[in-house]
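Read the structure below first, then the notes.
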Amino acid sequence: MSVPVKATCSECLTTHLTKLEFGQEDIRCPACGHAMKNLPEGELNELDIACKKQKMNGIISLVCFAISVVGMFQWSFTMVKDDTTVWMIVTILFFLVALVFGVLGSTKRFIVEF
Ligand SMILES: [Zn+2]
């Protein structure tokens with residue numbers, strides 16, 4: 001298991017994307033070699049849970065977005081012959097839900113300074 005984070009080195013201020021592995025000894029800067037002990041297991045676990053939750057929110061958001069796209073097509077194709085209120089509501093509702101979960105799924109980015 002690994003947690004994707006942004007790591008900023010306090011020596012050379014380089015920021016790089018890295019993955020913190022459970023059981024990994026230290027965090028090392030690829031530019032200058034400065035190293036710090038890895039975060040404690042408890043913290044890594046918290047980050048991992050937060051990342052998984054965000055990923056789940058992202059997936060829910062995509063699914064809702066897909067439903068709203070289908071709803072939109074139904075809305076436009078049935079416009080001529082039927083009452084389209086239901087499809088309009090489905091489209092707007094799922095689009096809003098997708099928006100909310102999309103925001104929830106992308107709020108936190110973890111930055112580790114070492
Ligand atoms: Zn560095």
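FYI, it's all coordinate maths here, none of it is from the lab. Not measured: the values here are computed from a predicted model. With ideal geometry, Cβ positions are generated from the backbone for all residues, glycine too; neighbour counts draw on all protein chains shown.
Can you give the angle from 0 to 90° between the axis of helix 41-77 and the longest principal axis of the chain, with both taken from C-alpha atoms, to the nearest 10?
20 degrees
How long are the semi-axes of the equivalent ellipsoid of the chain, defined as square roots of 5 times the Cα gyration tensor eigenvalues? Whole Å, largest first.
Ellipsoid half-lengths, sorted descending, are 45, 13, 9 Å.
Report the extension gain between V69 and I92 in nm, rounded to one decimal, defined as 0.36 nm multiplied by the number of residues separating them, less their alpha carbon distance. All intermediate terms of the calculation are to be shown ahead of the outcome.
On the way: separation 23, 0.36 × 23 = 8.28 nm, distance 0.97 nm.
Using 0.36 nm per residue and subtracting the Cα-Cα distance, I get 7.3 nm.
With everything on Cα atoms, drop me the angle between helix 85-104 and the longest principal axis of the chain, reported from 0 to 90° to the nearest 10.
Value to nearest ten degrees: 10.
Provide S2, S61, S10 in ascending order of the number of other Cβ atoms located within 10 Å of each residue's Cβ, fewest first.
On the way: S2 13, S61 20, S10 10.
The most exposed by this proxy come first: S10, S2, S61.
Report the label-to-label distance for S10 and F22 in nanometres (one decimal), using points 7 Å from each Cα along the Cα→Cβ vector.
Here the answer is 2.8 nm between the modelled labels.
Only Cα pairs under 8 Å and at least 6 apart count here; give the relative contact order of segment 2-113 as a rounded whole percent.
31 percent.
Given a Förster distance of 41 Å, report the FRET efficiency between K55 and T78 from their Cβ-Cβ distance, rounded to the nearest 0.05.
Computed FRET efficiency for K55 and T78 comes out at 0.75.
Give me the distance in nm between label points sitting 7 Å out from Cα along the Cα-to-Cβ direction at L104 and S2, one decimal.
Distance between the two pseudo-spin positions: 2.9 nm.
Once you charge only the Cβ atoms, +1 for Lys and Arg and -1 for Asp and Glu, what is the size of the charge dipole of segment 2-113 about its Cα centre, to the nearest 20 debye? Spell out each step's value before the answer.
Details: 10 positive and 11 negative charges, 54 e Å.
The dipole of segment 2-113 has a size of about 260 debye.
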